[in-house]
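Contents: one structure, followed by commentary.
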Amino acid sequence: MLQGLSMEKLGGLKLISEEIKDILKIEVSVLMGANLAPEVANDNFCEATIGCKRKAQDGALLKKLFHTENFRINVVEDAHTVELCGALKNVVACAAGFTDGLGYGDNTKAAVIRLGLMEMRKFVDVYYSGSNLQTFFESCGIADLITTCYGGRNRKVCEAFVKSGKTLEEVEKELLNGQSAQGPPTAKEVYLMNKKSGKDDQFPVFTAVHLICAGEMKPAQLVDCLRNHPEHL
Ligand SMILES: NC(=O)c1ccc[n+]([C@@H]2O[C@H](COP(=O)([O-])OP(=O)(O)OC[C@H]3O[C@@H](n4cnc5c(N)ncnc54)[C@H](O)[C@@H]3O)[C@@H](O)[C@H]2O)c1
Ligand SMILES: O=P(O)(O)OC[C@H](O)CO
């Protein structure tokens, strides 16, 4: 089980599903959604999205495998978008954690979520064109973004990073009991890809998250990135 991106040797991005497909020579589908693990384990009601390449052929079986009374599945034929939503929302959740740590309230977090969603959509458009806008309204999109920005580990460690002044590694160790947050490494991969394409300025939230995690930008400067976001021009 994983969400994230893989860096290719020459600096390009590769989806984890593509990596698995290349190694195992099998068709790979992805399951993503607003699914904080403790709540799923508690059998609380939630939704999830399966992204596959051949819905007519595989959709019914994939749904049957996971769909229950309390784990409701939608299958969409837009696997790249589903997978990228799962990876990129962790970066946005880091930004939400930074603003929480700085003491901003829910209005600021809503702005982070909205601007972050616009960057997620743009990123998919730029690097994996042909996505379906509707996919961002599935559980893997806006719903996972909301739950992760409020209840996830990425948010939690990034809030503590700002409040404590400790390193990310230190707060991860203290708060996550051996688990790790995927947002910071994903932000780095996204940053390197955008930098290579000369597009880092088009993704101010993604870029700021990496620079803050890398100690190259002060967390407080994130709000300037929100204030001057291209979505406001
Ligand atoms: N926990 C949740 O609520 C939740 C919900 C939905 C999705 N996810 C996603 O599921 C994935 C796993 O989450 P988790 O909660 O099980 O995390 P976790 O930290 O408990 O487990 C991650 C595991 O991956 C291993 N790992 C890390 N980097 C590796 C590498 N390069 N090669 C091989 N193994 C490596 C770690 O040793 C660890 O055992 C993450 O991508 C997370 O974003 C988690
Ligand atoms: O705890 P996080 O921040 O890794 O987020 C968990 C999930 O991705 C929510 O679906």
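Nothing in this text is a laboratory measurement; each read-out follows from the coordinates by a stated rule. Everything numeric in this text was worked out from a predicted model, so none of it was measured. Because the Cβ atoms are built from the backbone with ideal geometry, glycine has one as well, and the counts that use them run over all protein chains shown.
Quick notes
- Take each peptide in 57-68, 143-154, count the other Cβ atoms within 10 Å of every residue, and average; sorted highest first, the result is 143-154, 57-68.
- Per-q log10 I(q)/I(0), the stretch 105-233, q = 0.10, 0.12, 0.15, 0.16 Å⁻¹ (Debye; single scatterer per alpha-carbon; no solvent): -0.32, -0.47, -0.75, -0.86
- Share of alpha-carbon pairs per 5 Å distance bin for the stretch 49-174, given as whole %: 2, 11, 18, 18, 16, 13, 11, 6, 3, 1, 0
- Near-label residues of the stretch 22-56 by backbone N, under 14 Å of a point 7 Å along Cα→Cβ of residue 65: 26-32, 49-55
- Long pairs among 109/196; 25/53; 89/195; 173/199, criterion Cα-Cα beyond 22 Å: 109/196; 173/199
- For the stretch 24-81, the calculated P(r), taken from all Cα-Cα distances in 10 Å bins from zero up to the bin holding the longest distance, is 23, 50, 24, 2 percent.
- FRET E, pair residue 150, residue 220, Förster distance 30 Å, beta-carbon r, rounded to 0.05: 0.85
- Contact order relative to length of the stretch 84-192, as percent, for alpha carbon pairs under 8 angstrom and 6 or more apart: 42 percent
- Within the chain, helix-based [θ] at 222 nm, where runs of 4 or more DSSP H residues each add -39,500 (n - 2.57), nearest 500: -17000 deg cm²/dmol
- P(r), alpha carbons of the chain - 5 Å bins starting at zero, rounded %: 1, 7, 14, 19, 20, 17, 12, 7, 3, 1, 0
- Shown for the chain are the DSSP H helices of 27 Å or more along their axis, judged by Cα atoms, with a mean Kyte-Doolittle hydropathy of at least -0.5: 79-102, 106-127.
- For the stretch 52-93: rounded, prolate or oblate by the Cα gyration tensor [a/c cutoff 1.5]: oblate
- Long-range amide H partners of residue 13 with built H, under 5 Å: 8
- Neighbours of residue 174, meaning other residues whose beta-carbon lies under 14 angstrom from its beta-carbon, give a summed charge of +1 when Lys and Arg score +1 and Asp and Glu score -1.
- Count Lys and Arg as plus one, Asp and Glu as minus one, and take only other residues whose Cβ is under 13 Å from that of residue 86; the net charge is then -3.
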